[in-house]
Every structure is written in structure tokens, then in C-alpha cells.
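Undergrad: Structure provided below as C-alpha cells; questions to follow.
The values are calculated or read from the model by the stated rules, or taken from the named source; none is laboratory data. If you're wondering where the values come from, they're calculated on a predicted model, not measured in any experiment. So basically every Cβ, Gly included, is an ideal-geometry build from the backbone, and we count neighbours across all protein chains shown. What goes into the accessible areas is simple: the full protein's heavy atoms, side chains included, and nothing from ligands, DNA or RNA. Shrake-Rupley method; radii C 1.70, N 1.55, O 1.52, S 1.80 Å.
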Amino acid sequence: MSASNVTATGINRSERITLIRFIGLYSFLVLMILILGSTIYFKLQKDLMLQTKRLELEEYSKELIDGLKLLHIYFDRYRTYPRNSLYRSAIYDADHVQIFSTLKDPQGVQLDKVIYTTDGVIQYIHVLDSYYLGTKYTVVEIDDDKVWFKEAWRNILLYGGVLLFIFMAAGVVLMRLFLSPMREAIHLLDRFIKDTTHELNTPVSAILSNIEMIDQKRLDEKTARKIRRIEIGARTISTIYQDLTYLALDHQIVSEDRDTDVSALLKERIEYFKILGESKKITFKTDIQPGVKLFIDPAKLARLIDNLLSNAIKYNRRGGTVYIALHPKELVIKDTGIGMEKKEIAEAFKRYKRFKSGAGGFGIGLNIVAMIASEYNLDVKIESKKGQGSEVFVKWDV
Amino acid sequence: MGRIAVTILLIFSALQGSGMNIYERNCVKCHENLPVSLDKFFFNYLLKYSSERQVKQALRNYLKHPRRKASLATEELLERYGIMPKSNLSDEELRKAIDIYWDKYKVFGKIE
């Protein structure tokens with residue numbers, strides 16, 4: 001089943017939206033999990049490194065304290081600070097005042113901690129019981145070789161990448177699993193609509209052509225009226241058929257654009273719809289400037305006009321009027337019907353929306369109008385007042 | 001009148017000239033008779049109280065209220081010389097003496 005097959009019901013788009021949302025949510029969750037995992041791993045690696053270094057630093061610290069003890073006892077004779085090339089150190093009193101320091105940067109010392117890294121060094125704090133020379137805290141510092149850091153990052157990137165790949169692969173499999181029943185249902189529906197649509201054409205055409213062949217003058221009044229009603233019904237079905245075919249197939253076929261006489265086409269379509277308006281006693285008032293041209297596929301223009309006219313009749317009141325005006329670059333169709341509220345206008349362009357649940361039709365009309373309009377850069381505007389009717393403006397070349 | 005002024009001046013300059021400040025006049029004078037020097041006491045206080053603020057506070061407390069329990073001196077010393085007598089200096093003089101004492105023996109800036 002190819003993607004282009006699932007367009008009749010417009011599911012292709014919503015399916016894509018579903019897919020994108022699923023992928024978005026899934027990737028977000030996967031990333032969160034990976035980031036969380038990486039953070040924990042990183043922290044563990046760091047703690048592990050600090051644990052190892054701690055033993056070494058504790059040794060240094062003891063050595064320093066021994067040195068301080070001697071210095072404390074013999075301070076009247078001897079004043080050289082105990083240094084060692086393996087580490088740097090500093091001593092602080094109980095009020096956190098630095099007594100002496102050989103640290104790289106004595107600024108970043110955190111006496112409330114035990115062991116930590118800062119600015120490329122590892123510092124270890126030891127709290128003394130006897131304050132030699134007033135020293136309560138010794139700080140011992142060595143350089144952080146960052147080997148653990150690079151290794152941790154390498155592992156995070158490597159294993160994180162592999163995990164991400166696995167997660168994503170699993171995601172695709174899951175998605176296919178979840179979507180396949182939906183896809184099958186859509187496919188079925190799609191085929192059904194296409195087949196039925198196709199099957200509709202022959203009988204409807206047969207009815208319409210046969211009605212045309214009847215010589216209505218030879219019929220009595222009653223029969224003629226019945227025949228007319230049959231014709232109305234058949235034409236309505238025919239319009240619906242054409243809309244369905246448009247949605248199912250036409251708009252995917254390359255358009256046959258040419259210079260189309262809008263005036264002539266509009267007149268022809270009004271003639272066609274007059275008969276449909278009759279049952280509601282609707283009057284048509286036209287102001288059509290002859291010879292208005294537009295470069296467009298005439299079949300599509302017919303769909304656009306048909307849908308606007310059909311709506312103007314469908315949502316009109318009994319005995320109402322439909323005004324149709326055509327000027328160069330503008331087509332206006334106005335009805336005296338139920339009208340719409342502001343938010344209904346926006347909604348109106350959405351497929352399958354019906355203005356009034358009582359009114360017939362598929363409610364796909366305005367959606368088709370919108371699709372055709374956007375293909376040809378036509379500007380469609382609706383002005384409407386609840387209870388007074390709607391006015392649709394189609395403009396081009398502006 | 002002039003004579004008195006001259007005498008006072010002389011006494012002052014004598015005191016100044018010999019470099020006798022409150023610490024030397026009071027503490028050192030008396031401690032000269034003790035076998036344990038004042039700097040040993042100082043380092044004991046440093047060992048126990050660590051920072052300048054705490055050392056000075058402990059000294060002030062001890063000098064104003066010398067008690068056996070609070071003493072850092074050895075038993076022998078206390079047996080032989082008894083508890084240090086309660087200081088007869090005023091609060092201000094005591095503060096000055098302790099400041100001088102601290103400055104004389106503190107380790108800040110002396111470690112090399």
C-alpha cells in the first residue's frame with residue numbers, strides 16, 4: 001500500500017501528524033532517559049575517580065600534618081613550611097582565614113566539603129583535632145589529569161549512540177506495529193470509497209441523460225413535477241460524486257490549466273443549480289460581466305463554483321435569494337441564509353464540517369474550495385452575519 | 001609648675017625609651033619568674049583555639065577569671081606556682097596587652 005493510496009479520506013495527512021507526534025514524544029523520552037543515564041554514569045565515574053585519588057590525598061594530608069606538628073613545636077627556631085613536589089597545600093584556621101598556601105588558586109577552596117574537583121585540580125580537605133599553628137583545615141591539592149573525564153565522555157558518546165540507535169530502531173518497529181491495523185482500516189475504507197464512487201457514476205449519468213431525453217411538454221403537470229424532483233435528486237448525487245472524485249483522485253492528477261472563460265462557465269453552472277434551488281423557492285440574481293478570463297483547470301473551477309453555489313442554496317432559507325456577481329478578478333456569491341459566527345467561518349474550511357446538522361450534503365464543500373483556492377493562489381474571504389446570510393469573495397491576480 | 005611638667009615629660013620619655021608597653025610592664029614582668037615562657041603558653045592556646053578571634057577570647061576569659069579547670073598549663077606548674085592571679089588591668093588595658101601578645105607570637109606572615 002503506497003502513501004498516495006490513502007488520500008481519499010485525508011488520512012494521509014493526519015497519519016503523518018500522528019507519526020510526527022509519536023516520533024517527537026518517543027525521541028524526547030529516549031533522550032531524557034539517555035541524558036539521565038549519562039548524568040548518573042558521569043557522576044559515578046567521577047566519584048570512583050575521587051575515591052581512588054582520596055587514598056593518595058589522605059596520605060599527603062597526613063604527611064603535611066606531621067610537618068605542621070613539628071613546625072608547631074619548633075616554631076621558635078624553624079619556620080619553613082612543609083612542602084612536597086607531589087602536591088600543593090594550604091592551611092586555614094577555625095575562622096576560615098588562610099594561614100599559609102602553596103595552592104594554584106586559593107580562591108576556590110570549599111572547606112565544608114571533603115573532596116572535589118575544581119578548575120582542573122582535585123582538592124582534599126581534612127579537619128584537624130589539634131590545631132597545629134592554629135590550623136583547623138588542611139587543603140591538599142593535586143592536578144586532575146582529566147583521563148577519567150575523557151574516558152567518561154567517550155563511553156557516554158559511544159554507548160549512548162549505540163543505545164540511541166537501538167531505542168530508535170525499537171521505536172520504528174513499535175510504531176509500525178501500532179500503525180498497521182490503522183493503516184489496514186484506512187486502506188479498506190479508501191478502496192471502498194473509490195469503488196463506490198466509481199460505481200455511482202454510471203447509474204447517475206444514466207438517470208440524468210434519460211431525464212434530459214424525456215420531452216417534458218408531452219407530460220401532464222403532475223408527472224413533470226415528479227420528473228423534476230428526480231432530476232434534482234440525481235443532480236445532487238452527481239455533485240457529490242464529483243466532489244468525491246475530486247478528493248479521491250483529481251487533485252492528485254496534473255491540472256489541465258488553460259485560459260478559461262469564467263463568465264461562460266459560471267452561467268452554465270448557475271443554470272445547472274437553478275433547478276436545485278427551485279425546490280426551496282430560491283431566486284437567483286446575477287451580475288455577470290462577460291468575457292472574464294482566468295488561467296485555471298476548468299474542471300477545478302467548476303468544482304469551486306459548484307461548491308459555493310451548492311452551499312448558498314443549502315444554507316439558504318426557503319424563498320431566499322442567491323446573489324452572484326462576477327467582475328474581472330472577483331467573484332462574489334451571497335446568500336440570505338443562516339449565516340455563521342466568526343469561529344464557524346474558520347471551522348468552515350475544515351473538512352466534514354457541516355454548518356447545521358439539519359442541512360444535507362457532505363460538508364466537504366468549503367474544504368474543496370480552500371484546496372483549489374490555495375492551488376491557484378485565489379484569495380477566499382467569507383463575511384457573515386448570524387441569521388442574515390453569508391457572502392463569499394473569491395479574488396485573484398491581486 | 002614648669003618643674004612638674006618637666007618631671008612628667010621625663011617619666012614618660014623614660015617609659016617610652018625603655019619600650020615598656022602595657023604587655024611588657026604587666027605580663028612579662030611577672031612571667032619572668034616562671035620557668036615556662038609566654039610563647040609556650042601562646043602556642044598551647046593556638047593549638048586549642050586555632051583562630052585569632054577564639055584565642056583572644058579564651059585569653060581574655062582566662063585572665064579575667066583564672067580557673068584550674070580552664071587552665072592549659074601542666075599540673076606541676078600549677079602545683080608549684082598556683083593559679084595565675086586575677087588580672088588587675090582594666091578591660092581596655094587587657095585588650096591592648098592581649099593584642100600585643102598576639103602580634104608578638106602569631107604565625108601569620110612568619111611561615112616561609
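Undergrad: May I ask you to list the lysines whose Cα is less than 21 Å away from that of residue A:46, ignoring any residue fewer than eight positions away on the same chain?
TA: Counting by Cα, and skipping residues close in sequence, residue A:46 has these lysines nearby: A:113, A:146, A:150.
Undergrad: Follow-up. Given that compact globular proteins tend to follow 2.2 N^0.38 Å, what is the ratio of the alpha-carbon Rg of the stretch A:258-395 to that value? Walk me through the numbers before you get to the answer.
TA: Values: Rg = 13.9 Å, N = 138, 2.2 N^0.38 = 14.3 Å.
That ratio works out to 0.97.
Undergrad: Taking all protein chains in place and a 1.4 Å probe, what share, in percent, of the accessible surface of the protein assembly as shown do carbon and sulfur account for? Write down the numbers at each step before the final one.
TA: Numbers: 17710 of 30330 Å².
That fraction is 58 percent.
Undergrad: Per DSSP helix of 4 or more residues, -39500 (n - 2.57); summed, then divided by the residues of chain A. What does that give at 222 nm, rounded to the nearest 500?
TA: Mean residue ellipticity at 222 nm (helix-derived): -19000 deg cm²/dmol.
Undergrad: For residue A:112, project a label point 7 Å along Cα to C-beta. Then give me every residue of the stretch A:70-100 with its amide nitrogen under 14 Å of that point.
TA: Correct set: A:96.
Undergrad: Work out the FRET efficiency for residue A:27 and residue A:185 from their Cβ-Cβ distance, taking R0 = 30 Å, and round it to the nearest 0.05.
TA: On the way: r = 26 Å, r/R0 = 0.88.
Efficiency computed from Cβ-Cβ geometry: 0.70.
Undergrad: Separate question: Residue farthest toward the positive end of the dipole of the stretch A:40-145, with Cβ of Lys/Arg at +1 and Asp/Glu at -1: which of A:98, A:72, A:120?
TA: Of the candidates, A:72 comes out farthest on the positive side.
Undergrad: Using the crude model of +1 on Lys and Arg Cβ and -1 on Asp and Glu Cβ, and no other charge, please compute the dipole size for chain A relative to its Cα centre, in debye to 20. Numbers along the way, then the final one.
TA: Working: 57 positive and 50 negative charges, 407 e Å.
So the magnitude is around 1960 debye.
Undergrad: Here are some pairs, B:29/B:106; A:194/A:222; A:62/A:104; A:280/A:342; which of them have Cα atoms lying more than 28 Å apart in this structure? List each step's numbers first, then the result.
TA: Details: B:29/B:106 21 Å; A:194/A:222 38 Å; A:62/A:104 20 Å; A:280/A:342 26 Å.
From the list (B:29/B:106; A:194/A:222; A:62/A:104; A:280/A:342), the Cα-Cα distance tops 28 Å for A:194/A:222.
Undergrad: May I ask you to find the residues of the stretch A:63-80 that are shielded by at least 50 Å² of accessible area once the whole protein assembly is considered instead of their isolated chain (probe 1.4 Å)?
TA: A:72, A:75, A:79
Undergrad: Measure up A:69/B:96; A:217/A:334; A:314/A:395 against 25 Å on the Cα-Cα distance and list the ones that go over.
TA: Working: A:69/B:96 30 Å; A:217/A:334 34 Å; A:314/A:395 23 Å.
Exceeds cut-off: A:69/B:96; A:217/A:334.
Undergrad: Can you pull the semi-axes for the stretch A:11-83, root of five times each eigenvalue of the Cα gyration tensor, sorted largest first, whole Å?
TA: Details: eigenvalues 796, 22, 6 Å².
Its equivalent ellipsoid spans semi-axes of 63, 11, 5 Å.
Undergrad: May I pose another question? Considering only protein heavy atoms, with the full assembly of protein chains and a 1.4 angstrom probe, order A:190, A:195 by accessible area, largest first.
TA: Details: A:190 0, A:195 75 Å².
Largest accessible area first, the list is A:195, A:190.
Undergrad: Restricting to Cα atoms and excluding each atom paired with itself, what does the Kirkwood estimate give for the stretch A:150-291 in Å? All intermediate terms of the calculation are to be shown ahead of the outcome.
TA: Values: mean 1/r = 0.0476 Å⁻¹.
Kirkwood hydrodynamic radius for the stretch A:150-291: 21.0 Å.
Undergrad: Treat every Asp and Glu Cβ in the stretch B:21-105 as -1 and every Lys and Arg Cβ as +1, leave all other atoms uncharged, and give the resulting dipole magnitude about the Cα centre to the nearest 20 debye.
TA: Values: 16 positive and 12 negative charges, 62 e Å.
Here the stretch B:21-105 has a charge dipole of around 300 debye.
Undergrad: Obtain the nm distance between the two label points defined at residue B:21 and residue A:192 by a simple spin-label model: each point lies 7 Å from its Cα along the Cα-to-C-beta direction.
TA: About 10.6 nm, to one decimal.
Undergrad: How many percent of Cα pairs in the stretch A:150-230 exceed 21 Å?
TA: Working: 2165 of 3240 pairs.
Here the long-distance tail beyond 21 Å is 67 percent of all Cα pairs in the stretch A:150-230.
Undergrad: Something else now. Please give the per residue accessible area of the protein assembly as shown, computed with a probe of 1.4 Å over protein heavy atoms only, in Å². The partial results should precede the final answer.
TA: Values: 30330 Å² over 510 residues.
Solvent-accessible surface per residue comes out at 59 Å².
Undergrad: Here's something else I'd like to know. Using only the alpha-carbon atoms of the stretch B:21-105, report the extent along each of the three principal axes, biggest first, to the nearest angstrom.
TA: Extents along the principal axes, in whole Å: 30, 27, 21.
Undergrad: Moving to a separate point now. If you take the accessible area of A alone, add that of B alone, and subtract the area of the pair, what total do you get in Å², probe 1.4 Å, to the nearest 100?
TA: Chain pair A/B: roughly 1600 Å² of buried accessible area.
Undergrad: Also, quick follow-up: Using bins 10 angstrom wide from zero, how does P(r) for the protein assembly as shown break down, in % of all Cα pairs?
TA: Histogramming the protein assembly as shown at 10 Å steps yields 3, 12, 14, 11, 7, 6, 6, 6, 7, 8, 8, 6, 4, 2, 1, 0, 0 percent.
Undergrad: What is the dipole size for the stretch A:47-89, taken about its Cα centre, with +1 at each Lys and Arg Cβ and -1 at each Asp and Glu Cβ, in debye to the nearest 20? Can you show the working numbers first?
TA: Details: 8 positive and 7 negative charges, 47 e Å.
Taking the Cα centre of the stretch A:47-89 as origin, the dipole is about 220 debye.
Undergrad: Calculate the spin-label point distance for residue A:345 paired with residue A:218, positioning each point 7 Å from the Cα along the beta-carbon direction, and give it in nanometres.
TA: A separation of 5.3 nm, rounded to one decimal place.
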